[in-house]
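Data first, discussion second: the structure below is written as structure tokens.
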Amino acid sequence: MTPCRRQPSFNDVTSITHPLLLAIESSGTTGSVALLTPHQMPASLTFTSATLHSQRLMPSIDWLFERTGLAPGDLDAVAVARGPGSFTGLRIGMSVAKAVAYAAGATILGISTLHALALRVAGAAPAGMPVCALLDARQGQVYALLARALLPVDIATEQPSLHLASPTLEVLHDEFAGSVEEVCGWIDAPTLFAGDGAVHLSELLRDRLGSRFLLAPPVRLMLSAEEVGILAMQRLALGDTDNLAALEPEYLRQSYTEAKKPRP
């Protein structure tokens, strides 16, 4: 496994503030994990591999704890990308997140893949510019969300803030599964796109949208556990968590196998 990105370790455990959160993202071919507190990101790791996330997630989580000197028992919460995305990847990520949360006695939070991706690309967009999170849903469809990047806001005061961990989004078109042509109908101004759907369909999007299609820079192009963790921290600050037993992936549509099943 070759990590694409690593954050420096914090070997002094006493420097870690609480709540401490583990974030997991496994909705596509690129997976990632991160440890966050409200004011720190002690470690994060991103990997791209053709092998199953089931062979990568736990070793990656172990690496985070090894590098920081922390332990799963130090966790207050676990956040996981709940979808949409790869059906297999989401199930694996959800299973790992639930197992870690249960063992640690931590709360769990499911975070929208599309909201997290939109937040990531918003970091490269001027304030007010629309951003489009676009994932390849196969079968000629996409998953999409259109939002507008706003100035960071302090969660407690709702005032503009320079705190980089708390940017906000105004959602213009919420989670959607369907044709890319319908998504193109949303775009009436220059818009920054991110996600594997934006990469795979870049020629079509340029043909349809012209100068309204802008592709995010590589560092902001793909989803990361870091944004999953940031959104989860924002929910934690409001006392908003999920039920461990009830939390399930949200696929937005049937898998190909399910769609082909004969109706009773």
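Kindly list the number of the only condition in (1) at pLDDT 95 or above; (2) surrounded by fewer than 24 Cβ atoms within 10 Å (Cβ to Cβ) that fails for Gly128.
So the condition that Gly128 fails would be (1).
Identify all residues within segment 205-220 that are over 15 Å from Trp186 (Cβ atoms) and in contact with a helix residue (DSSP H, G or I) (Cβ under 7 Å, 6 or more places away or on another chain); write none if there are none.
Scanning segment 205-220 gives Leu215, Ala216, Arg220.
Quick one: in segment 131-152, of everything that is of a type in the set (A, V, I, L, M, F, W, C) and surrounded by fewer than 16 Cβ atoms within 10 Å (Cβ to Cβ), which residue is nearest to Arg253 (Cα to Cα)? Break it down stepwise before answering.
Residues of segment 131-152 that are of a type in the set (A, V, I, L, M, F, W, C), as a first pass: 131-135, 137, 142, 144-147, 149-151.
Now drop any that are not surrounded by fewer than 16 Cβ atoms within 10 Å (Cβ to Cβ), which leaves 150-151.
Values: Leu150: 30, Leu151: 33 Å.
If we take residues in segment 131-152 being of a type in the set (A, V, I, L, M, F, W, C) and surrounded by fewer than 16 Cβ atoms within 10 Å (Cβ to Cβ), then Leu150 is nearest to Arg253 (Cα to Cα).
Conditions first: (1) crowded, with 21+ Cβ neighbours inside 10 Å; (2) closer than 19 Å to Met222 by Cβ. Ala97 passes all but one, so which condition is the exception?
Only one criterion is unmet by Ala97, namely (2).
What are the residues in segment 186-239 that are within 22 Å of Asp174 (Cβ to Cβ), among the β-branched types (Val, Ile, Thr) and either part of a helix (DSSP H, G or I) or not assigned by TED's automatic domain parsing to the domain that holds Gly128 (or both), if any?
Val228, Ile230
Filter segment 114-125 down to residues that are surrounded by fewer than 22 Cβ atoms within 10 Å (Cβ to Cβ) and within 15 Å of the chain's Cα centre (by Cα) and give me whichever is modelled with the lowest pLDDT.
Across segment 114-125, the extreme among qualifying residues is Gly123.
If Leu244 satisfies all but one of (1) surrounded by fewer than 15 Cβ atoms within 10 Å (Cβ to Cβ); (2) at pLDDT 95 or above; (3) out of contact with any strand residue (DSSP E or B) (no Cβ under 9 Å at 6 or more places or on another chain), what's the number of the condition it fails?
(3) is the only condition that Leu244 fails.
Inspect segment 169-180 for any residue being part of a loop (DSSP other than H, G, I, E, B), at pLDDT 90 or above and either touching an Asp or Glu at 6+ places or on another chain (Cβ under 9 Å) or farther than 14 Å from Phe193 by Cα (or both) and give the result as yes or no. Give the derivation first.
Step one: of segment 169-180, the residues part of a loop (DSSP other than H, G, I, E, B) are 179.
From the residues that got through so far, the ones that are at pLDDT 90 or above too are 179.
Now drop any that are not either touching an Asp or Glu at 6+ places or on another chain (Cβ under 9 Å) or farther than 14 Å from Phe193 by Cα (or both), which leaves 179.
Looking for residues that are part of a loop (DSSP other than H, G, I, E, B), at pLDDT 90 or above and either touching an Asp or Glu at 6+ places or on another chain (Cβ under 9 Å) or farther than 14 Å from Phe193 by Cα (or both), one finds at least one in segment 169-180, hence yes.
Looking only at residues that are surrounded by 21 or more Cβ atoms within 10 Å (Cβ to Cβ) and at pLDDT below 95 in segment 71-91, which one is nearest to Ala144 (Cα to Cα)?
The initial filter retains those residues of segment 71-91 that are surrounded by 21 or more Cβ atoms within 10 Å (Cβ to Cβ), namely 75, 77-86, 89-90.
If we keep only those that are at pLDDT below 95 too, we end up with 85-86, 89-90.
Values: Gly85: 11, Ser86: 14, Gly89: 18, Leu90: 17 Å.
My answer is Gly85.
The values are calculated or read from the model by the stated rules, or taken from the named source; none is laboratory data. Nothing here was measured: the structure is a model prediction, and the numbers come from that model. Note that each Cβ is placed from the backbone with ideal geometry, even for glycine, and that neighbours are counted across all protein chains shown.
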